[in-house]
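The values are calculated or read from the model by the stated rules, or taken from the named source; none is laboratory data. What you see is a predicted model; the values in this text were computed from it and never measured. Cβ placement follows ideal geometry from the backbone for every residue including glycine, while neighbour counts extend to all protein chains displayed. SASA here: full protein model, heavy atoms, side chains in, ligands and nucleic acids out. Shrake-Rupley method; radii C 1.70, N 1.55, O 1.52, S 1.80 Å.
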Amino acid sequence: MSTITLNGSARQADNGQRLIDVINGAGIELPQVCYHPQLGPIQTCDTCMVEVDGKLVRACGIVVSDAMKVTTNSPAASAAQRQAFDRVLENHMLYCTVCDNNNGNCTVHNTTKMLAVEHQKIPFKSKPFEVDNSNPFYRYDPDQCLLCGRCVEACQNVEVNETLSINWEDEHPRVLWDGGKAINESSCVSCGHCVTVCPCNALMEKSMLGHAGFFTSIPKKALKGMIEVVKDIEPEAGYGAILKLSEAESAMRQSRVRRTKTVCTYCGVGCSFDVWTKDRHILKIAPEHGATNGISTCIKGKFGWDFVNSPDRLTTPLIREGDKFRQASWDEALALIARRLSEIKAAHGPDAIGLISSSKCTNEESYLMQKLARAVVGTNNIDNCSRYCQAPATTGLFRTVGYGGDSGSIRDIENADLVLIVGSNTAESHPVLATRVKSAHKLRGQKLIVADLREHEMARRADLFLRPRPGTDLVWLSAISRYILDQGLAHAAFLDQWVNGLDEYRKSLEPFTLEAAEQATGLSAETLKKVAHMIVEAKGVCILWAMGITQHTMGSDSSTAISNLLLITGNYMRTGTGAYPLRGHNNVQGAGDQGAAPGALPGYQSVDDPEVRRRFEAAWGVKLPTNKGLDNHEMVDAIQQGKLKAMYLFGEEMSLVDSNANYVQDAFGKLEFFVVQDIFFSHTCGFADVVLPAAPSLEKEGTFTSTERRIQRLYQVFEPLDGSRPDWKIVQDVANHLGANWNFKHPSEIMAEMASLTPLYAGVSYERLEGYKTLQWPVAADGADQPLLYTKRFNFPDGKARLFPLSWTQPTEQPDAEFDLHLNNGRLLEHFHEGNLTYRVEGIRQKTPDTWVEVSPELAKERGIVSGTRVHLTSRHGQVRVRALVTDRVHDKQLYMPMNSTESPVNRLTSSNSDPITHTPAYKEAAVRLEVLPEVDESPLPRINSRFGHPTPQQGVLVERKWGRSDYSIPGNGLVQIQIHRKQE
Ligand code: SF4
Ligand code: SF4
Ligand code: SF4
Ligand code: FES
């Protein structure tokens, strides 16, 4: 701690704390236009000038040291602050009353008031540029731009998309996209970081424009007139009077603009933010306080919400009549469901019914769904889509370290010395998590190794990019482990203290020599040695993986190999280390946690365990089934075999996202009774007998659990659309029609019941999750949680981890003479999964209207394919037609299809082969043949897609270039101590 004197009073501060934070913490008013705590010091605006030991310095650019004497309000400091702000106002026209940014949080407005500015000393100077309206989601108005550089800093160093810069040397500096392109023709990925941090109205969400204020929707011409009036009266009335008026208007806005906290509905990163709404109009997404994301979002979380108000929303139950559906009342639909499920249960037993919960829906909804299955229907036939992606990773971790979750937080990944990403297109599938890795790599010298079939963004950024043959990850991971052990490079002390099973594991590694690995994987022994040395030399290693590992027949074993490697190198039990299987859907972790799985009650408590069953039976007042149920993969087979007769599924596009879609759809056609609950009439609804209209996340309360095991509350933003209901209410309705007597009034009561029965969630309550508060499981009864999962012990009785011996078999579906190309598939930044939500976002449709198959330049040349050529792909299981996109992201005879299509779904081509332990389909093991069709269309990727852009990487806003301008001088007359403190220092 340091003791400083602040405006005459002694004050304690942490050594190394930014002075501006100390001043703000003391509640002292200080102008600060460019400073944002999450961006760090940018030092472009000079408005935070204070006197330190008699010299003028920028408070944001200096850290405290002992005995510092700081004065924020001396005549010299005040004059410098005022002069600096006058220069800011030269770039900005104050027309607050008719500005959509006048919502109480405008930095320019608030600083004008704080400094009691009455008149603009330096007249406003218009910049000779048009407003850029080209991007579908936001616009840039150069005339209002303060040149504070916050947006540049956010884009360069937080998002690390590196699109923005400021041309400081130009006569009229402005913000540039890719060095001077229109926004829509640049590399901008529409993540919205820049818009979120802009302190004024220069960058604004288009959804705000004309909607936020009482007077801002008036026609442009009239608006211009009003702005002129404001400017005309300013010389006489002064800003004081004008601001009073605008503040009255801003206060009126508070009464009709609601700000509600929610958690993103898309991926498992778990971003949270406020949703600003006016009636049912979404004004904007405002991220700031989220424990995971702070100011960060990706295009989906920031701008991907049009689907909520889509006219396609289901608002009434539907009942099949022949080939058609007719509208029905809730009573009729629920009565029919109860009658048919009861009849089928009476005729064939409870195990003739299967239930599928949704990893898009809340924890409370998954809890109720599995309770419905077990306590009401009487079957353990319950599952969720974590089977399709995450179950192998969970198995790998259960085998080795005892919990099936990420071993730390995203913050722990940031702290790693080396990050190894295997089989994960992180920048597109987990965009905000990827920003933290990109930033640590760019600013703090974190090392990055990427192993993947495709050279995606993370691969391009990597220090080392490995391209093993498909399905051989277990081999090279195990070969590295063997090499490390053979060379005596393993972490002996860690192994001694914390790990069992070394001898047996070592024996299992015998076949994994570097030579054998070289043969199997195509990676050279030298490369493998290099990776091994990078791992053992790093102070901390985190390994991130996803569907590129798990969606293989060896998915569980490859996940285990990752954890084995971490164990022998001592990379667990501290920050900057650990295993991070990246969860796909927003609540796929939670759906598993809640027992939406055939073998486990909530909290991974086995259905085989009589003691566990007794506890649930006592609470639920029923006898529970004892046999493990069918998982979703087995359910499809059981339908085909005539054993499973009825299914109830919610929030899941199973007919397209399950592998071997033709086989799955054929099975659905054979069901005697099928209930599907969704917010849209999905492809799967087409097979249903009854369709129930549900409500999306913005229309309900509940909790999601993210990839970090982070449990977060979402609050209701809108009422459910008339006729639709939140899923938890529907599941309760179905249960009660089947004779249960549930009476949950609010999801908090469901959580309370679940927590009382589930040690993993014991201390979770809505009170402890109020607002932006979060908990990371396991949560003890007293509310203590565990951001870092293993600190004192691993989750086995003796507290020690277990090395798990492995062997390797060839992947299935290898290319051969008939099916000569390997087909890979996965996610895409702009769309989520099959695209049922994101295709209903107009801006996303414009940017990314369709799917495609990626073809390597060499294959394209060989087959005469250009981007836009229509091709016919045939596998052993089905066929699709799709347009080609020629790109060097893929190589040789490997193709890649994004999974976002309902017309040409990749799963018509994939097989029913699966990981034998978890039954996770081997989506990534597919072979196809390709026929070139005569039609050549436009490229499936329009030129306005960010992938065509050319980023301009630089280390932030580069304020030194502003300071180097001949017309720049430091405000005030004192000496300035220039100090750059970037985040990495
Ligand atoms: S990528 Fe685009 S939206 Fe995101 S911060 Fe950069 S310029 Fe802004
Ligand atoms: S557009 Fe960028 S530089 Fe201009 S005011 Fe906004 S954040 Fe600052
Ligand atoms: S990274 Fe994931 S959670 Fe965050 S905004 Fe994007 S989709 Fe939503
Ligand atoms: S707040 Fe802008 S220079 Fe310090």
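Can you tell me which residues in the range 552-584 are farther than 24 Å from Lys507 by Cβ, among the β-branched types (Val, Ile, Thr) and open to solvent by 10 Å² or more (accessible area, probe 1.4 Å)?
Of everything in the range 552-584, just one residue is farther than 24 Å from Lys507 by Cβ, among the β-branched types (Val, Ile, Thr) and open to solvent by 10 Å² or more (accessible area, probe 1.4 Å), namely Thr575.
So, in the range 288-340, exactly how many residues are in a loop (DSSP other than H, G, I, E, B), in contact (Cβ under 8 Å) with a residue 24 or more places away in the chain and closer than 22 Å to Val841 by Cβ?
Selection size over the range 288-340: 12.
So if I check each of Ser366, Ser358, which one is within 14 Å of Val731 (Cα to Cα), in a loop (DSSP other than H, G, I, E, B) and in contact (Cβ under 8 Å) with a residue 12 or more places away in the chain?
One residue alone meets the criteria, Ser358.
Among the residues of the range 304-321, is there at least one that is within 16 Å of ligand 3 (Cβ to nearest atom), open to solvent by less than 20 Å² (accessible area, probe 1.4 Å) and of a type in the set (Phe, Trp, Tyr)?
Checked against the condition, which is being within 16 Å of ligand 3 (Cβ to nearest atom), open to solvent by less than 20 Å² (accessible area, probe 1.4 Å) and of a type in the set (Phe, Trp, Tyr), the range 304-321 yields at least one hit.
Yes or no: Cys45 assigned to a loop (DSSP other than H, G, I, E, B), modelled with pLDDT of 90 or more and buried (at least 24 other Cβ atoms within 10 Å of the Cβ)?
yes
Residues in the range 324-347: is at least one farther than 30 Å from Pro602 by Cβ and of a type in the set (Asp, Glu)?
Looking for residues that are farther than 30 Å from Pro602 by Cβ and of a type in the set (Asp, Glu), one finds at least one in the range 324-347, hence yes.
With Asp452, Asp412, Asp417 as the choices, which residue is touching a residue at least 40 places away in the same chain (Cβ under 8 Å), crowded, with 24+ Cβ neighbours inside 10 Å and away from ligand 1 (no atom under 16 Å from the Cβ)?
Within the list Asp452, Asp412, Asp417, the selection yields Asp452.
If I filter the range 874-909 down to residues being among the aliphatic types (A, V, I, L, M) and in a loop (DSSP other than H, G, I, E, B), which single residue comes out as nearest to Ala661 (Cα to Cα)?
Among those residues, the one meeting the criterion is Leu909.
Suppose we filter Val108, Val33, Val117 for residues that are closer than 17 Å to Ile242 by Cβ, in contact with a helix residue (DSSP H, G or I) (Cβ under 9 Å, 6 or more places away or on another chain), assigned to a loop (DSSP other than H, G, I, E, B) and among the hydrophobic types (A, V, I, L, M, F, W, C); which single one remains?
The conditions single out Val117.
With the condition kept exactly as written, say whether any residue in the range 4-20 is open to solvent by less than 10 Å² (accessible area, probe 1.4 Å), touching a residue at least 40 places away in the same chain (Cβ under 8 Å) and within 16 Å of ligand 4 (Cβ to nearest atom).
yes
Going through the range 102-146 one residue at a time, which ones are at negative phi and of a type in the set (A, V, I, L, M, F, W, C)?
Matches in the range 102-146: Cys106, Val108, Met114, Leu115, Val117, Ile122, Phe124, Phe129, Val131, Phe137, Cys145, Leu146.
Quick one: is Asp274 within 16 Å of ligand 3 (Cβ to nearest atom) and open to solvent by less than 60 Å² (accessible area, probe 1.4 Å)?
Criteria met by Asp274.
Within the range 137-158, track down each residue that is in contact with a Gly (Cβ under 9 Å, 6 or more places away or on another chain) and over 17 Å from Thr107 (Cβ atoms).
Phe137, Tyr138, Gln156, Asn157, Val158
I'm told Leu823 meets every condition in (1) within 26 Å of the chain's Cα centre (by Cα); (2) touching a residue at least 24 places away in the same chain (Cβ under 8 Å); (3) under 24 Å from Gly396 (Cβ atoms) except one. Can you identify the failing condition by its number?
That leaves (3) as the condition not met.
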